[in-house]
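The values are calculated or read from the model by the stated rules, or taken from the named source; none is laboratory data. What you see is a predicted model, and the numbers here were worked out from it, not measured in a lab. All Cβ positions, even for glycine, are placed from backbone atoms using ideal geometry, and neighbour counts span all protein chains on display. These area figures cover heavy atoms from the full protein model, side chains too; ligands, DNA and RNA do not enter into them. Shrake-Rupley method; radii C 1.70, N 1.55, O 1.52, S 1.80 Å.
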Amino acid sequence: ITRRLNAKGTSLGLTVQYSEEQGNNKAFSLSSTTYYQLQNVKGNDSILYRNQYQESPNRNRTIKLGLILTQILRKNLRAQLSYIFKLDNQSRDRNTYVLSPVIDGEEHTPTGNFPKGYEVEYTDSLSNKSRSHTMAHRVSLNLNYTDKTWEITTGLSVTPKRQTLDQKTGWTQADTLRYSVNYHPTLTILWRKRKTWVQLSYEGNTQQPGLAELLTLTDNSDPLNIIRGNPDLKSSYTQKVRLEVRDTKTGLSGDVNWTSMLNNVTRAVIYDSQTGGLESRPVNVNGNWNIKAAMRYQKRINHYFNLSARTGTSFIQSVSLVNDGQRERSVTHNRLYNAGLRVGYQPKWGGFDLSGDCRFRHSTNLLRETNNYIRDYSFGLTAYAVFPGNIRLKSETTHTFRNGTNINRSEDNEVVWNLHLSWSFLKYKKAELSVYWADILSQKKSYSRNVTSHGLSERYTQQIGSCFIVSFKYRFNRQL
């Protein structure tokens with residue numbers, strides 16, 4: 001609700017917000033962990049069997065009240081003062097049931113089929129409960145100056161917080177209370193003249209570590225990934241600088257982004273040579289930063305041809321700690337380059353687009369002196385045509401292949417072909433009948449690779465394959 005107070009533009013606004021979220025995650029797991037360097041009483045390798053069911057209900061409730069006062073100081077200068085009160089309550093549980101004692105000797109149990117009376121096998125040592133309460137007061141002051149050439153906006157937000165957490169992990173229970181203050185400064189300077197404008201912006205943000213990370217509780221629900229807390233964590237500060245230039249006359253635009261993190265929270269890792277597992281705890285570390293740059297070009301020729309090109313590069317440095325007793329800094333450098341070109345032709349009867357993209361990523365780890373790279377290439381052709389009777393046909397074909405470290409080129413190549421046919425009919429073309437045939441050749445794959453200071457990982461997601469969809473649409477709105 002906003003109320004204008006005078007003819008100059010002074011106004012007072014009131015905001016009220018309430019939100020509530022509830023969820024429940026259920027998971028069944030059957031696992032065995034072999035410890036090759038730990039012997040059992042018979043002198044054989046130790047094996048830990050776990051047959052578990054976990055139920056994790058959660059609930060979040062947020063209430064927010066705010067007042068915003070806007071005051072016109074001069075013709076081109078405006079000030080805005082705001083106050084926001086926020087109340088946040090969260091509850092998160094993880095109830096673990098060990099099913100092995102009630103399976104009656106069965107080796108496997110189908111997912112979702114649990115034996116009777118499994119509720120009595122609730123296990124405290126593998127469960128946890130968390131209750132948190134946050135009360136925050138946010139005060140912000142923003143100034144805005146605008147004329148024909150310049151637009152300058154600056155502001156500062158200060159947020160005092162009171163947070164409480166009562167958490168039980170395993171058999172250990174702890175609660176904590178924290179008072180903190182977060183700062184959020186901003187500055188944006190925009191210069192424009194005719195069809196050219198330049199914008200420079202700065203943004204900073206203070207972040208507090210999570211209360212659960214400050215507690216000295218130990219989560220050993222995963223025997224190969226034991227998680228501990230750290231009460232000595234400090235607040236972190238992230239700052240971003242962005243420079244953007246655009247010239248609509250030539251069709252050129254570009255931007256440069258720089259981000260730096262002070263006291264960034266990462267996890268210090270201790271490797272256990274006997275079990276093969278690891279223990280980790282949150283710590284503060286400096287040295288995380290990145291810089292990104294991009295340039296784009298777009299041009300329209302003779303109302304029929306459209307040409308666009310882009311290129312970009314980035315450098316990312318990420319730091320973590322391994323072998324915490326020795327405090328070894330594991331520094332990973334990621335260098336990325338990308339380029340793309342697109343040519344389009346749009347006559348009255350339809351059109352087509354030709355596109356080409358290439359991406360190169362090179363990652364190195366200074367501690368282990370390892371490096372790997374990956375190259376992705378893709379070429380696409382999109383064609384569409386409009387036939388008499390309001391019939392529209394569209395074809396999309398993309399050829400993708402990649403190569404690099406530990407990549408089998410023959411397995412990763414793919415040709416994805418999609419076809420879409422639609423027919424619009426009735427008055428004002430309100431009805432539409434369409435058929436969409438996706439991945440006709442059934443070659444679509446999904447790969448994602450990630451390189452961190454702990455190693456290289458690649459995820460493969462199975463795709464549905466060739467399929468088609470028949471749909472009918474009808475618009476009830478009236479033409480004006």
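Before moving on, here are some points about what is shown:
- Candidate set: the range 461-480, residues that are within 30 Å of Val416 (Cβ to Cβ) and not in a loop (DSSP other than H, G, I, E, B); chosen: the one modelled with the lowest pLDDT: Phe468
- Residues (open to solvent by 80 Å² or more (accessible area, probe 1.4 Å) and closer than 22 Å to Gly9 by Cα) located in the range 129-156: Leu141, Tyr145, Lys148, Trp150
- Residue match in the range 202-209 (condition: without any contact (Cβ under 8 Å) to a residue 60 or more places away in the chain and in contact with a Leu (Cβ under 6 Å, 6 or more places away or on another chain)): yes
- Condition met for Ser82 (more than 38 Å from the chain's Cα centre (by Cα) and part of a strand (DSSP E or B)): no
- In the range 129-140, the residues that are at pLDDT 95 or above form Cβ pairs under 9 Å with partners that are open to solvent by less than 30 Å² (accessible area, probe 1.4 Å) and among the small types (Gly, Ala, Ser), at six or more places apart or across chains, as follows: Arg138/Gly66; Arg138/Ser82; Arg138/Ser157; Val139/Ser82; Val139/Ser157; Ser140/Ser82; Ser140/Gly155; Ser140/Ser157.
- Top-ranked residue of the range 252-274 - restricted to ones that are open to solvent by 20 Å² or more (accessible area, probe 1.4 Å), touching a residue at least 40 places away in the same chain (Cβ under 8 Å) and of a type in the set (A, V, I, L, M, F, W, C), ranked as nearest to Arg242 (Cα to Cα): Leu252
- Count of residues meeting criterion [within 18 Å of Arg138 (Cα to Cα) and surrounded by 14 or more Cβ atoms within 10 Å (Cβ to Cβ)] in the range 54-78: 8
- Qualifying residue in the range 226-235 (condition: within 28 Å of Val98 (Cβ to Cβ) and out of contact with any Lys or Arg (no Cβ under 8 Å at 6 or more places or on another chain)): yes
- On the stretch given as the range 404-453, residues that are part of a loop (DSSP other than H, G, I, E, B), of a type in the set (A, V, I, L, M) and open to solvent by 40 Å² or more (accessible area, probe 1.4 Å) total 2.
- The C-beta contact set for the range 335-349 (first residue more than 14 Å from Asp376 (Cα to Cα) and in a loop (DSSP other than H, G, I, E, B), second residue open to solvent by 50 Å² or more (accessible area, probe 1.4 Å) and of a type in the set (Ser, Thr, Tyr), distance under 9 angstrom, 6+ apart or interchain) comprises Gln346/Tyr304; Pro347/Tyr304.
- Of all residues making up the range 190-205, the number that are open to solvent by 60 Å² or more (accessible area, probe 1.4 Å) and either touching a helix residue (DSSP H, G or I) at 6+ places or on another chain (Cβ under 8 Å) or under 16 Å from Tyr145 (Cα atoms) (or both): 3
- Of all the residues in the range 275-312, those that are among the hydroxyl-bearing types (Ser, Thr, Tyr), part of a strand (DSSP E or B) and open to solvent by 60 Å² or more (accessible area, probe 1.4 Å) number 2.
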